[in-house]
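Readers should treat all values here as calculations from the given coordinates under stated rules, not as data from a laboratory. Everything quoted here is computed from the prediction, not taken from an experiment. All Cβ positions, even for glycine, are placed from backbone atoms using ideal geometry, and neighbour counts span all protein chains on display.
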Ligand SMILES: [Fe+2]
């Protein structure tokens, strides 16, 4: 296993060194997003422009790697999910602003940085899934604290970025005192200790371990397209919370330009391509996310879940409450 790791490491180092050789017609990407999703986009970009896209895929450690490489980093573009990861890159001074009217005009204001250091490419809803056996429900996130759901709610770790962002949005809406109380009550309603993935909670509903769970929107599509998981998904409704008030909590996947991007011009061209209508349509079809650009159709399956109202709060405001959210999750002993 270690041998394999070393070979991978060597290949990665060799790969990054080879990046630098032909800087002018290339662009180098560090990506947390998976190959099946971004490779079709990059092929299209290369076909359009002749610029070669080199990608390093990773599951973690992007900020650490960029910090270690410093001004010798070959990275031009950073692709990731979740607002907190983008903010982390900015807080650690690993990115630079990109002043592009194409980017700033194509993306709604609440989904881009005020200082142009990050831009959303897709959005996803934090949904509430509920067992069909309960009938149709009209739920707010606030309702998860209701006593009638005692022992009936399942979720992954409160500290997972998806849930931290949701808690941060609750702080933005209601303040700290309310949110701490809400967290304690939701914890009291849990059927089991927070664990597993968003999809694992729908499986738990299928197993009748609980009736209600939290999960991102695209997982519903992924489960429906999986032979085994379809039986779980068929037993739940996907609910868009808070439709009669502020709207459902939204998170994003996004892009930033690395601070020392050696191919900044090509990098900007790629970023602008990623918000173009064809690229946005491809994102929507492949991963069943919502295109960040207005007027681009979602996939047929996603469209069948209906339209919804999104919380209009700028994601930067939610990001500001991230640390407080983590503190409250500790105080509520949410994961214990
Ligand atoms: Fe996910």
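Some values worked out for this structure:
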quantity	calculated
Approximate spin-label separation residue 277-residue 132, in nm, with each point projected 7 Å along Cα-to-Cβ	3.7 nm
Burial ranking of peptide ranges 221-227, 170-176 (average Cβ count within 10 Å, highest at the top)	170-176, 221-227
Label-to-label distance, nm, for residues given as residue 230 and residue 312 (7 Å Cα→Cβ offset)	4.0 nm
Helix axis angle, 2-21 relative to the chain longest principal axis, alpha carbon, degrees	50 degrees
Of all DSSP beta bridges in the chain, antiparallel share, percent nearest 5	65 percent
Rounded tilt (10° steps) of 161-174 against the dominant C-alpha axis of the chain	60 degrees
Packing rank of 51-59, 256-264, 199-207, where each peptide gets the mean count of other beta carbons within 10 Å, highest leading	256-264, 199-207, 51-59
Calculated FRET value between residue 304 and residue 148, using beta carbons and R₀ = 30 Å, to 0.05	0.50
Cβ-derived FRET efficiency at R0 41 Å, residue 49 paired with residue 184, nearest 0.05	0.15
Segment residue 331-residue 99, extension gain: residue separation times 0.36 nm, minus the distance between their alpha carbons	79.4 nm
Cα long-axis angle, helix 264-274 against the chain (0 to 90 degrees, to the nearest 10)	40 degrees
Calculated [θ] (222 nm, deg cm²/dmol) that DSSP helices of n ≥ 4 give over the chain, each run adding -39,500 (n - 2.57)	-13000 deg cm²/dmol
